[in-house]
Structure formats: structure tokens, C-alpha cells
Amino acid sequence: MYKGQSITVIIPCLNEEQGIESVLRSMPEFVDEVIVVDNNSTDRTSEVAAALGAKVIREAVRGYGRSYKRGFAMATGDLIVTLDGDHSYPVDALSYLLEAFLHLGVDFLNASRFPVRDGRSMSFRNKVGNVIQSVVMSILFFRWVRDSQSGMWVFRRSILKDMKLEADSMAFSEEIKTEAIRNPRIRFGEISILYSSRLGETKLNPWRDGMHNLLFLAKKRFFR
Ligand SMILES: Nc1nc2c(ncn2[C@@H]2O[C@H](COP(=O)(O)OP(=O)(O)OP(=O)(O)O)[C@@H](O)[C@H]2O)c(=O)[nH]1
Ligand SMILES: [Mg+2]
């Protein structure tokens, strides 16, 4: 419980045995429920997560977005917090994020990795890609969003019923933000967090996922 709100943290994981251990060991006491959505990892991700007290859900079909949709369906908290299982997002800054969420009076808070403070945390290529993705989203959806690809968000679980979430892929991250921005009943905010180098290996395929995300955004804007 944080200031009267129950908190669910959801973490999608694909072979993150190293990262998930660090994330779960740093999880603050006030978090009521931690859900790890494992997508047939071939390492010890689910064993490590279960041993450290997380509820582990296994999703058979691959995909970042697919896993989130499974996790959302299981969540019970008033507020949902998301992050990667690679220990790149600041799990020790959860109270900072929740405080900002409550103080700003928003329904969806995006944790922006920009400005990047630790130069090792994001390659130059990914930085350029992320800036392009965010500028395109901001233009298409008429709202300045600094980090459309951030994987750390805080939102009221109740807004999920007003969202149409379809992406099974990495495009899920931008889709949930567009759903928040487009809905006049959902107040959207963004604050900056400290992003660090991930543990373990990346699951991102920068060119393929980058192009897919741009196409997805255009389709979402003009056809849905
Ligand atoms: N369950 C599940 N999780 C996934 C899948 N793909 C990626 N993930 C997880 O989603 C999170 C984001 O993936 P990352 O590889 O960290 O992608 P990224 O943050 O864009 O790239 P990095 O900067 O290299 O970390 C990580 O916790 C992954 O383990 C998937 O198909 N299924
Ligand atoms: Mg990551």
C-alpha cells in the first residue's frame, strides 16, 4: 500500500534470470503484488522470480505486448507500475514515481529515460531511434511525449477498461501511451527517471522493431 493505494508491479521477462534477481531484491516493501510474466524463458527466470516472492505467470505466445496483456488481466492493485526485468529502470525510485503520480493528479505517468545521464545505458543508435520514435508520435498525436518507448509507467488500473490494446509486440509500449493521450478522460503526465545499463542480453531488434513501431504508430493514428 502506498498512501492508501494498493500497488501491483508487472514485469515481462524473457531470459532475465540475472536482471530479475536484482530487480526483485530492490523491490520496496510497500508493493502489494509483483507479477512476472515469463514467455517460455530457457534460463532460470521463473524459478528465481518465484523464489523471491513474485507471482509468476507463463505466457505461451511470445511477445512483450502479449505478456503485458496477460499480466494486466491478473493484476489486482489500484495502481499498476511496469518495468523491464533487466534492472535498467530504477526500482528503488518507485516511491518518487508514485509521489509524482499522486501529486500531479494524473491517471497515466510515463517515466522518461531522457535526458540520458549515464552514457553507457543507451547506445547512440538507440538514442537516435528513440528520439525519432518520440518525435513521430508527438507529431501524429498532437502531444509532446519525450520518451514514447519507455517501459516504465504508473497508471490507475481502472483506465484499462477504456483502452483498446492490441499490439503483441514491442509496439505495445507506444500503443498504451497513445491510448492514454487520445482519451480526454485520461490525464497523461511524464517525468524524468535515471536509466542504467541493462543486465543480461537485449531482446530488442533495433531495426526491425524500430520500423515495425513506426508503421504501427501510423496505422494506429489513421485507421484505428
Ligand atoms: N514475456 C516477455 N518478455 C519480453 C519479450 N521480449 C522482451 N521481453 C522483456 O521485456 C523487457 C524489455 O525488453 P528489452 O530487451 O529490455 O528491450 P529494451 O529495453 O528496448 O532494450 P535494452 O535497452 O537492450 O534493454 C525485458 O524485461 C524483456 O525480458 C517477450 O517476448 N516476452
Ligand atoms: Mg530493457
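Values in this text are rule-based calculations from the coordinates and carry no lab data. Note that the structure is predicted; figures quoted are calculated from it, not measured. Methodologically, a virtual Cβ is constructed for each residue, glycine included, from the backbone with ideal geometry; neighbour enumeration extends over all protein chains shown.
The table below gives the values:
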{"quantity": "Theoretical FRET efficiency, 1/(1+(r/R0)^6), r = Cβ-Cβ of SER95 and ILE139, R0 25 Å, to 0.05", "calculated": "0.15"}
{"quantity": "Cross-link partners of LYS177 among aspartates and glutamates (Cα-Cα below 14 Å; sequence separation of 8 or more within a chain)", "calculated": "ASP107, ASP147, ASP162, GLU166, GLU190"}
{"quantity": "P(r) weight above 20 Å for region 46-148, C-alpha pairs, percent", "calculated": "55 percent"}
{"quantity": "Rounded Å value of the spacing that divides the Cα centres of region 1-48 and region 130-184", "calculated": "22 Å"}
{"quantity": "P(r) of region 135-224 over all Cα-Cα pairs, binned every 5 Å from zero, in whole percent", "calculated": "2, 12, 24, 24, 20, 12, 5, 1"}
{"quantity": "Zone of ARG185's modelled label, taken as backbone nitrogen in region 77-104 under 19 Å from a point 7 Å along Cα→Cβ", "calculated": "78-80"}
{"quantity": "Gain in span if fully extended, LEU204 to LEU104, counting 0.36 nm per residue against the direct Cα distance", "calculated": "32.8 nm"}
{"quantity": "Within straight-line cross-link reach of LYS55, lysines at Cα separation under 17 Å, skipping those fewer than 8 residues along the same chain", "calculated": "LYS69"}
{"quantity": "FRET efficiency, SER22 to ARG221 (Cβ-Cβ, R0 30 Å, nearest 0.05)", "calculated": "0.20"}
{"quantity": "For region 7-223, share of DSSP beta bridges that run antiparallel, in % to the nearest 5", "calculated": "25 percent"}
{"quantity": "The chain, helix-only ellipticity at 222 nm - DSSP H runs n ≥ 4, -39,500 (n - 2.57), divided by all residues, nearest 500", "calculated": "-11500 deg cm²/dmol"}
{"quantity": "Inter-label distance for LYS161 and HIS212, nm, one decimal - labels placed 7 Å from Cα along Cα-to-Cβ", "calculated": "3.2 nm"}
{"quantity": "For region 96-189, radius of gyration divided by Kirkwood radius, i.e. Rg to Rh on alpha-carbons", "calculated": "0.96"}
{"quantity": "Dimensionless Rg/Rh of the chain - Kirkwood Rh, Rg from C-alpha atoms", "calculated": "0.93"}
